[in-house]
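What follows is a single structure, written as structure tokens, with notes after it.
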Amino acid sequence: MHFAMSDTTNIVLEGQDLHKTYRMGDVDVPVLKGASITVNAGEWVAILGSSGSGKSTLLHLLGDLDRPDDDRGSITFQGTPLSTFSQGRRNAYRNQDVGFVFQFYHLLPELTVLENTILPAMVGSRSVDTQERATNLLNSFGLSHRLQHRPRELSGGERQRTAIARALVNNPAILLADEPTGNLDEETGAGILDLLSAEHAGGLTILMVTHDRAIAERADRIVELHHGVVVEG
Ligand SMILES: Nc1ncnc2c1ncn2[C@@H]1O[C@H](COP(=O)(O)OP(=O)(O)OP(=O)(O)O)[C@@H](O)[C@H]1O
Ligand SMILES: [Mg+2]
């Protein structure tokens, strides 16, 4: 899929000049020093960076799971800066507009696979038949026989498939994936990347971070996070 770089109408998510500094005791540790990234509708973008380069930090800012340093830069979703969102709109952004996949799944252990997947739709006020959508997603991810199981009864790959289904249950405009195969063996990880690839072929916009160039190469476009800024890969 190809979009002209100058065509702003197709931009789903844009971070501009993002800064993030962590305070460790008395010391300020700047992690992001003016990072910028643009993701167009229908694109799969990979952010490649070494461990500690700030990939998770950047993804958390873009997903509104954390905030950039005061008054430094902007994050714009479908043309509107998050900074202009009300608290309620921000909650809806986190819950519905973006889907987030974590390296370590973050499934709730006491809930079944199906319940974990339905959860984001219970938080929002969506009229769709959530149970049916969740079941369809899980079936298409090869988990039809696991719907009533708890996460502890699943393999790592099955847990991540469940986490991806959960991230997609509200039909987000973009999937933010933080090292989605980072905790899996190569073969299982390849299965997860195939699943993402199939969703992408179906139109899903994806922003994925990884430290592994071979994984990044599954994306349409690679950018690199170096010394706190994003450069073309
Ligand atoms: N809450 C925090 N408080 C202090 N320092 C933090 C915090 N979160 C991250 N850092 C530091 O910021 C830097 C970037 O961390 P981040 O987790 O974003 O890197 P990463 O690129 O995702 O690394 P990895 O590939 O290991 O997941 C690291 O030096 C880390 O120690
Ligand atoms: Mg990380």
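What does the net charge come to around Thr188 if you take all other residues with beta carbon closer than 11 Å to its beta carbon, with K and R at +1 and D and E at -1? It would help to have the intermediate numbers written out before the result.
Numbers: positive: Arg159, Arg161; negative: Glu158, Asp185, Glu186, Glu187, Asp194.
With Lys, Arg at +1 and Asp, Glu at -1, the net is -3.
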For this session: Quick one: net charge around Ala201, please, counting Lys, Arg +1 and Asp, Glu -1 for every other residue with C-beta under 15 Å from its C-beta.
Result: -3
Exercise. Using helices alone, what [θ] at 222 nm do you get for the chain, with -39,500 (n - 2.57) per DSSP H run of 4 or more residues, divided over all residues and rounded to the nearest 500?
Worked result: -8500 deg cm²/dmol
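Which number do you get for Rg(Cα) / (2.2 N^0.38 Å) in the stretch 128-233?
Working: Rg = 14.7 Å, N = 106, 2.2 N^0.38 = 12.9 Å.
So the Cα radius of gyration is 1.14 times the expected 2.2 N^0.38 Å.
If you average over every viewing direction, what projected area does the convex hull of the Cα atoms of the chain give, in nm²?
Values: hull surface 52.8 nm².
Here the figure is 13.2 nm², rounded to one decimal.
Read the figures in this text as sums done on the coordinates, not as results from a lab. Please read all numbers here as calculations on a predicted model, not as lab measurements. In this analysis, Cβ positions are derived from the backbone assuming ideal geometry, glycine residues included, and neighbour counts consider all displayed protein chains.
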